[in-house]
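Input: a single structure, listed below in structure tokens.
What follows is calculated from the coordinates using simple rules that are stated; it is not laboratory data. From a predicted model like this one, the values you see are computed outputs, not experimental measurements. Note: ideal-geometry Cβ built from the backbone for every residue, glycine included; neighbour counts use all protein chains shown.
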Amino acid sequence: MPPPKLSGLLQQLIALPSISCTDPGIDQGNLGVIEQLADWFDALGFATEIQLIDAERNKANLIATIGSGNEGLVLAGHTDTVPYDANRWQFDPFKLTEDSQRFYGLGTADMKSFFALVIEAIRELDPGTLKQPLIILATADEETSMSGAKALTAKHLPNARHAVIGEPTSLKPIRMHKGMMMESIQLTGLAGHSSNPDLGNSALEAMHRVISELLKWRDELQQAYNNPLFNVPVPTMNLGHIHGGDNPNRICGHCELQIDIRPLPGMKLDELRYEIDQRLSRTLAGSGISYQTQTLFDGIEAMETDATRPIVKAVEKLTASDAEAAAYATEAPYLNNIGIDTIVLGPGHIQQAHQPDEYLALEQINPMVAILKGLIREFCL
């Protein structure tokens, strides 16, 4: 059967729960959404491949392709949503509700609606007119581990050259964003009675020296890297969590600090981790304090697609907007890393993502469909 009309597409996508969460008690699979999308794209003449990421947890990607060639266009997005606070929603998160020229529901902005608008844009597409392939990519777990994007290799998308990720950008193209990394620094000293400092070696006092070194390094990074295209034009480092010791009358034997770093394009996560280790080694040399670091999650590299790339020029022309920079992270670095020039562009406001009563303004639907048709015309016809 052909896919339903737009409202029906949205209703069915929103009604399929696909919450991605680090809490196993809340986490859900996205396979139901993937299978529904596969059915619709099958009906439209696409060859569909479901890539199982985690069979036990029902996590999967979809790659749907129509046409042939080696300069294809990818229209991509993630199918998972964040959790929601039921007591803060006025509308049913899993029921599409139209009110005040808005579609409400979990995933309307971030970002199930994008797939419905893609289908709207290609309903009348004649496969015989395609000179380059059109590829639809739907991924798993963008909101947590990025496992869907990480599982992709050039072999999965051998005929792709350009990509648009339909995250909510208010129809403004994004060609670069910061990266993200979270690290734990753990110091071990020697606990002892607080009445005599010679009985122990304070990990908490050693962490004071470490923090001073980190803040010095932060200043150095912000002097070395500056990109005025970002609202916050320098890399940031946040000292977000610290815990040490267990009682005021015991010398602190163990202390942990967790930090968040948001690097600019051109800064590599592995190099930053190496520098953390080097600075810890120098700062703690001869102190009798041991240290270890732990990566709290793999991290996301900063992304930049060159302003001269065809996909950037095309979306700037179609949107009448210069491509911008964003503070949030997306799956774009993973596509860029396998040789696909990628830009982020979609309907909805990022301020609506992850919020109660998430919505998509109806006024953004037709312009986004027109942009998608323009992209297909530019790169595939």
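For the peptides 96-105, 170-179, the ranking by packing is 170-179, 96-105, with the highest mean count of neighbouring Cβ atoms within 10 Å listed first. With the simple spin-label model, which puts each label point 7 Å out from Cα in the Cβ direction, the Thr153 to Phe297 separation comes to 2.5 nm. Distance between the 7 Å Cα→Cβ label points at Thr144 and Asn337: 2.0 nm. Measuring from centroid to centroid over Cα atoms, what is the spacing of the range 92-128 and the range 334-363 in Å? Distance between centres, Cα-based: 13 Å. Rounded to whole numbers, the Karplus 3J(HN,Hα) couplings from phi for the range 52-61 are 6, 9, 8, 4, 5, 9, 6, 10, 7, 10 Hz, using 6.51 cos²θ - 1.76 cosθ + 1.60 with θ = phi - 60°, and x at Gly and Pro.
Taking the C-alpha atoms only, the angle from helix 365-379 to the longest principal axis of the chain is near 80 degrees. Quick one: grab the alpha carbon gyration tensor of the range 1-138, order the square roots of its eigenvalues as a ≥ b ≥ c, and give me rounded if a/c is under 1.5, else prolate or oblate depending on whether a/b is larger than b/c. Verdict is oblate for the range 1-138. Between amide H atoms placed 1.01 Å from N, distances below 5 Å from Thr236 occur with Arg262, all of them 5 or more places distant or on a separate chain.
For the chain, modelled as a GNM whose springs connect Cα atoms under 10 angstrom apart, the maximal fluctuation among Asp39, Asp110, Asp270 occurs at Asp270.
Counting other beta carbons within 10 Å of each Cβ, put Arg88, Arg250 in order, fewest first.
Arg88, Arg250
Per-residue ellipticity at 222 nm for the chain, helices alone: DSSP H runs ≥ 4 residues times -39500 (n - 2.57), over residue total, nearest 500 deg cm²/dmol?
On the way: 9 runs with 105 residues, N = 381.
Result for the chain, helices only: -8500 deg cm²/dmol.
Report the calculated FRET efficiency for Cys21 and Ala55 (r = Cβ-Cβ distance, R0 = 25 Å), to the nearest 0.05. After rounding to 0.05, the efficiency reads 0.85. Partner aspartates and glutamates whose Cα lies under 14 Å from the Cα of Lys155, excluding those fewer than 8 positions away in the same chain, are identified as Glu49.
Simple rule: put +1 on each Lys or Arg Cβ and -1 on each Asp or Glu Cβ in the range 181-295, find the dipole, and look at Ser194, Gln278, Leu221; the Cα lying farthest toward the positive end is Leu221. Taking the chain as a Gaussian network, where each spring joins two C-alpha atoms under 10 Å apart, which residue of Leu318, Leu215, Leu335 fluctuates the most? It is Leu215. Full extension of the chain segment joining Asn226 with Arg279 gains 16.9 nm, where the gain is 0.36 nm per residue of separation less the Cα-Cα distance.
Averaging the Cα positions of each part gives two centres, and for the range 205-283 and the range 1-60 these lie 39 Å apart.
Three principal axis extents describe the C-alpha atoms of the range 129-230; from largest down they are 83, 32, 25 Å. Backbone geometry of the range 230-246 corresponds, through the Karplus equation with coefficients 6.51, -1.76 and 1.60 at θ = phi - 60°, to 3J(HN,Hα) couplings of 8, 4, 9, x, 10, x, 10, 9, 10, 8, x, 8, 9, 8, x, x, 9 Hz, x marking Gly and Pro. Karplus-based coupling profile of the range 250-261, in residue order and whole Hz: 10, 4, 5, x, 8, 9, 10, 10, 10, 10, 10, 10, with θ = phi - 60° in 6.51 cos²θ - 1.76 cosθ + 1.60 and x standing for Gly or Pro. Full extension of the chain between Lys95 and Leu199 yields a length gain of 31.1 nm, computed as 0.36 nm times the residue separation minus the alpha carbon distance. In the structure displayed, which of Lys172/Lys313; Lys313/Lys373; Lys317/Lys373; Lys59/Lys150; Lys95/Lys373 lie more than 20 Å apart, Cα to Cα? Where the Cα-Cα span goes over 20 Å, the pairs concerned are Lys95/Lys373. Under a 5 Å amide H cut-off, with hydrogens placed 1.01 Å from N, Gln51 pairs with Asn61, Leu62, Ile63 among residues at least 5 apart or on other chains.
Taking other Cβ within 10 Å of each residue's Cβ, how do Cys21, Cys255 sort, fewest first?
Listing Cys21, Cys255 from fewest to most nearby Cβ atoms yields Cys21, Cys255.
With the simple spin-label model, which puts each label point 7 Å out from Cα in the Cβ direction, the Trp217 to Glu363 separation comes to 4.7 nm.
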